[in-house]
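Here's the structure we're looking at; comments come further down.
Every number in this text was worked out from the coordinates using simple rules, so none of it is lab data. What you see is a predicted model, and the numbers here were worked out from it, not measured in a lab. Positions of Cβ are backbone-derived with ideal geometry, glycine not excepted, and every protein chain shown enters the neighbour counts.
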Amino acid sequence: MGVVSGLGPTYDVADGSLRAIRATSGDYSAVEQFLCVDLRRICTTDFHEQFESSGTPSDQRLLLKRSQQIVGHVLLRFRDVHWGKSRIATCRFGPLDLLPEYRSPWVIAAMLEAIEHAARERRTVLIRADLADVSRGGTLPPWPAHWLTTSGFTRLESHPQSILAELEIRADRASAFHKLEYAKCLKSTHIRPFRQVELPALMKIYRAHQSAGFGFLQRSEDHWQTLVRRSPDVQIFVAMDHRQNRRIKQRGGQIVAYAVVSGNDILEILGNAKNVLATEQLLSRICADAVERNVQAIHLPAPASGNWLTEICAASSSSSKIQNNKLQHAGIACVPSEKLLIRRLGPELMRRWRPVYAGRGTELGWGLGERSCRLTLSDKGAKLLTGGAGPDRLICSHQIWMRLLIGELNTPGAFAADLLEASTPAARRLAETLFPELPVWRPAWDNSICI
């Protein structure tokens, strides 16, 4: 039986009680003992390098204690994320580290409640994690309120030789003008490893994509330094264009694209919008290196539909032995407060609504009875009001409603799969306007070194 005490609930057990608390600097040695000796999940050297030298002020650790003994640990990372015209505060947590005898559904549920409590104090509107990090070594509990399972993120899998062949086909089919531009770009572009002094150039490219995209983490300079410093197994390649003016001091031209590679995974590949050909050359170099290492498949981030990278991977997979080139990673998410989420998403929702409805106030309802609510949009902004779903409403489960709000599920797909129904044609049109298919882009580079 649980009682509220400190951070989240305290659960009574036969030989004491379990209590979730925030870790302090005085718990450093105890956390090292727990992770390196008790669980043997990480060696002491890695602990010092990855915890002591590069922790950020926004990180927070929660400890599950029985009396004074640590029996559970989780690391929370709080980050701001650009969501189109909006910016929302998010929390991502890593593995739930529990001693084997404490990996039970109710202990996991208690940890999730403590995580939600810590996120509410920071006014976080979205909490996310990989399902594998929650379920490893134990049985999943019934999710607490506000928690739901998601499809997580998708990565594309392709054979490097097939990608190289597709790039050659695209070059042969191009017009004479584009062939001339490609020849000029090929002659003036040089691919080489990244140098530490060129970090501002990488930050500039990332910020250009971040400002207009969905799901891009807001990386501070300290965060960039942390990523570069903590990536011993990661290679960073840059595309140098010698035709560009050197606005940032760097030798041999200006960086117009970069890629982060770890083993067979391309964790991140971004370039300036005007230099798509340079980004293709970067991809070609990575695939050529993979062929030399006899790699049978490489994994790439899955960007928005219609993106050149998606088109290349889709075409290359049809001509290779890899039939299903999508790798789905299930996830778990929590929206602590739906009203706060709508307030934070207000600028982006208004951007989608204004061109279609020209300032006419509209409402979209959901649910029945006490759980019903309605999303109102007018020139004054977007609000979520409880009660009275109204005639124009969506008929779906609470999980589907949440997945629509956070852009994890696209409306046409939900209607086609009978996951979602609309009470009126007007409700369907409004839902398709407000909840389009969003490229929820998860920076794999950040996630790959998160412990």
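By the scheme Lys and Arg +1, Asp and Glu -1, what is the net charge of all other residues having a beta-carbon under 13 Å from that of Ser372?
For residues surrounding Ser372, the net value is -1.
Could you compute the FRET efficiency for Asn294 and Gln399, with r as their C-beta to C-beta distance and R0 at 51 Å, rounded to 0.05?
0.75
Note down the nm distance, to one decimal, between modelled labels 7 Å out along Cα→Cβ at Ser378 and at Ser29.
Between Ser378 and Ser29, the simple spin-label model gives 6.2 nm.
Report the paramagnetic label zone for Glu370: residues of the range 111-154 whose backbone N is under 11 Å from a point 7 Å from Cα along the Cα-to-Cβ axis.
none
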